[in-house]
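To keep things clear, I will list the structure first and then write my remarks on it.
The values are calculated or read from the model by the stated rules, or taken from the named source; none is laboratory data. Everything quoted here is computed from the prediction, not taken from an experiment. Methodologically, a virtual Cβ is constructed for each residue, glycine included, from the backbone with ideal geometry; neighbour enumeration extends over all protein chains shown. Keep in mind that these areas ignore ligands, DNA and RNA; they rest on the heavy atoms of the full protein, side chains included. Shrake-Rupley method; radii C 1.70, N 1.55, O 1.52, S 1.80 Å.
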Amino acid sequence: MEREKLSNALIIWIIVVLLVFVCSGSAVSKEETVYKIGEIIVSAAKVKTSIEKTPTNIDVITREDIDKMPYVTNINELLRQVPGLYVPQYQSGVANDGVYSARGSEPSTQSLRFLVNGIEFNKGNGYTVPTRIPINDIERIEIIKTASAEYGDQAIGGLINVVTRISPKALEAKVGLSYGSFDYTNYVGVINGSNDHLEYFVDFSLSQSDGYQDYVYYDPANVYTRLAYDFNDTTQLEFHGSHMDSKGAWPKKLTQAQFDEDPSQNPGQSNAFENDYNLAALVLKKQFGDDELQIKLTGKDEWVTMNFGADFEFDEWEIFPAITYSLKHKMADMSNMILFGGEFRKHEIRTEMYTVLSGVRQTKIKDTLREDTSFAAYVIDELSVTDALTISFGARFDSYEQDQTGRVNSANTVSQSNEAISPKLGATYTFNKALNIFAGFNSGFKSPARVPGASYSSDLDPEEVNSYEAGFRGSPTPWLNYSAALFLSQYKNKWVKSGSNATDPYINSGETEAKGIELSLNLSSDSGLYSSVCYTYQESKYKDFTQGGVNYDDNWLANIPEQLIGLTAGYNHPVFGQITLMADYVGDRYFNQDNTLQGNDYWVFGANYKKTFKQWNPAVTFFIDAKNLADEEAVVYGSGSQGSESLAPIYGRCIIAGVELLF
């Protein structure tokens with residue numbers, strides 16, 4: 001039945017895609033609507049280069065792509081149809097927690113580097129909070145799904161760089177209001193502008209929502225600003241600031257019996273939490289001819305309190321200076337670009353835990369102060385041997401040291417240090433606009449400093465990965481582009497959670513391996529029709545892991561789907577507006593490392609309509625969006641064993657409508 005459901009949906013969508021394909025071919029004008037691989041300059045790898053010179057299957061979501069997408073409430077909804085990237089929907093019950101799995105890696109909140117305009121937005125301990133990311137005026141999103149030597153331990157599962165738009169006008173503004181299911185309300189505002197010397201950008205959002213499950217809510221407020229001042233043609237100073245605070249309550253997980261009875265129920269008391277995050281960064285950019293010096297200083301101050309039976313409180317800060325110098329020069333007739341970089345990071349996190357009686361804190365049962373200091377140096381070289389052939393290589397050295405002091409229990413006083421060298425090598429070759437081939441090797445490691453304060457273990461060794469990939473991409477016609485890649489990632493000392501409780505420590509699971517294929521096809525035309533298909537097949541298994549006398553070799557890692565499919569089709573009419581249909585497929589996966597608890601595959605369908613009245617002053621956009629149209633009941637994330645399951649349901653049908661004013 002599941003295979004039949006998958007086949008029927010694919011047949012319907014193939015028909016839609018073929019219609020777009022036929023109509024696109026007959027309606028293309030001289031103005032090209034789909035980017036070619038060499039047209040977009042990306043900066044996620046710390047150097048500005050074109051896609052065709054990047055030896056990995058980098059994905060770029062452009063502003064035009066975002067305009068075709070349904071309404072989104074956070075950054076994760078823009079990432080769900082990226083091949084090779086799995087972004088579970090609200091696996092904790094609310095949008096506060098970002099979990100990502102790139103190319104079969106274990107779904108985690110702390111294995112992927114998130115950047116906004118090149119500034120790190122992960123918490124000091126690596127945690128990702130999606131609602132911190134500004135989404136209301138994005139120019140593009142750059143996604144790398146393999147380990148990145150340029151970014152070190154937090155980027156073992158890749159990185160995402162969100163680039164906000166720079167308005168060419170002196171002043172632009174946008175305000176918006178949306179309302180929908182689960183008492184969702186969202187207010188947004190954007191101010192954006194530039195002149196000969198100054199660029200400024202402010203993105204503000206305030207939202208309130210109940211969750212899909214009973215007695216759940218999430219109320220985040222977020223503001224991000226970027227200011228840039230050009231002293232002259234060669235010197236620029238940037239300021240980046242971010243503040244977010246939120247309150248909410250996580251639901252309890254469900255057993256299978258409870259899910260079958262009513263997936264929206266919330267048995268027991270919700271788990272309340274409160275966050276306060278602050279970030280400030282200064283960036284000095286100085287050009288010396290074609291060369292560029294960048295000096296960054298980033299500071300973070302973060303506080304979290306939450307209740308999981310006991311009360312937890314985390315207070316952390318981080319200071320992070322970094323310097324890079326990119327040198328462009330000729331080697332014989334070859335163009336060469338070398339990036340030199342150095343980083344220093346000082347991070348401190350205090351973790352407290354209290355017993356609770358009738359909602360009141362009682363005895364302090366844990367109080368630890370963990371301090372970690374790290375240093376890194378790296379060099380990356382991009383050598384253009386010919387106009388067609390580019391070779392990239394480099395390496396990064398990381399050294400860290402951390403000390404934890406147990407203030408209640410001296411057994412929690414531990415020290416740890418380690419070092420690592422992470423090399424990389426890759427090449428690309430462009431035959432023509434229709435075909436660019438690439439291959440690459442990347443490596444990385446993740447230090448135990450990137451572990452939640454409640455789950456730290458002094459026995460945890462750094463996680464290491466060697467990643468290999470090869471593929472091809474191109475734009476055969478003005479209205480079509482595609483990409484395809486094979487990947488293999490081999491992990492050593494892979495981190496896995498030893499249990500489902502917040503205080504269960506992470507442990508090393510020996511060796512694991514993830515391999516698979518990712519494909520994408522995008523079509524668009526000046527007739528207004530557009531469509532896209534992305535597909536991922538991945539196998540992620542233990543290769544050398546024994547725990548408690550049980551051998552798990554060849555077992556699948558938990559919560560990683562075997563297949564992912566993303567489908568989009570739409571039509572934009574200058575008079576009647578734009579309609580978009582989307583479908584996401586999540587394949588079978590296991591919810592535990594014993595592979596005794598299996599999750600069924602499922603489809604989620606959505607639709608969106610919007611109409612912009614550009615001739616009005618101010619311009620006005622109306623939209624209505626429907627998510628999970630079929631009201632599918634499915635489990636997005638799970639753990640436990642048969643009879644004692646711990647399951648998180650996907651959200652049911654959700655309708656959101658709103659209006660935006662563009663000044």
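Here are the numbers:
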item	result
Given Lys123/Lys247; Lys285/Lys433; Lys123/Lys286; Lys285/Lys330, the pairs whose alpha carbons are separated by over 25 Å	Lys285/Lys433; Lys123/Lys286
Tail beyond 16 Å, pair distance distribution of region 480-551 (Cα, percent)	66 percent
Simple label model, 7 Å out from Cα along Cβ direction - Leu486 to Asn418, nm	3.1 nm
For the chain: relative contact order, % (alpha-carbon pairs under 8 angstrom, 6 or more apart)	13 percent
Per-selection metrics, region 225-380 (Cα): Rg and Dmax in Å	23.8, 76
Area of Thr355 that stays accessible when all protein chains are in place (1.4 Å probe, Å², to 10)	50 Å²
Order by protection proxy (mean Cβ within 10 Å, highest first), peptides 235-245, 479-489, 80-90, 249-259	80-90, 479-489, 249-259, 235-245
Stretchable slack from Ala257 to Ser335, in nm (0.36 nm times residue separation minus alpha-carbon distance)	21.7 nm
FRET efficiency estimate (nearest 0.05) - Cβ-Cβ, Asp301 to Asp459, R0 30 angstrom	0.50
Additional length obtainable on full extension of the chain from Thr477 to Ala607, 0.36 nm per residue less Cα span	44.0 nm
At q = 0.08, 0.10, 0.11 Å⁻¹, base-10 log of I(q)/I(0) for the chain (Debye sum, equal scatterers on each alpha carbon)	-0.59, -0.97, -1.21
FRET E, pair Lys364, Tyr468, Förster distance 45 Å, beta-carbon r, rounded to 0.05	0.40
Relative contact order (percent, whole number), region 319-447, Cα cutoff 8 Å, 6+ residue spacing	18 percent
Taking all pairs of distinct alpha-carbon atoms in region 575-663, Kirkwood radius in angstrom	15.7 Å
Accessible area in square angstrom per residue, the chain, 1.4 angstrom probe	40 Å²
Computed label-point distance, nm, for sites Gln287 and Phe344 using a 7 Å Cα→Cβ extension	3.0 nm
Whether region 112-210 is rounded, prolate or oblate, judged on the alpha carbon gyration tensor where a/c under 1.5 counts as rounded	oblate
Straight-distance crosslink candidates among lysines, where the alpha carbon sits under 16 Å from Lys492 and sequence neighbours closer than 8 are dropped	Lys446, Lys515, Lys541, Lys543
Burial order of peptide ranges 607-617, 54-64, 182-192 (average beta-carbon count within 10 Å, highest first)	54-64, 182-192, 607-617
Three-way shape label, region 511-663, alpha-carbon gyration tensor, a/c 1.5	prolate
The chain, accessible surface, carbon-and-sulfur percent (1.4 angstrom probe)	57 percent
Estimated distance in nm for a label pair at Tyr217 and Asp381, the labels positioned 7 Å out from Cα along Cα-to-Cβ	6.0 nm
Accessible surface of Lys494 - all protein chains present, 1.4 Å probe, nearest 10 Å²	10 Å²
Rounded accessible area of Asp554 (nearest 10 Å², 1.4 Å probe)	90 Å²
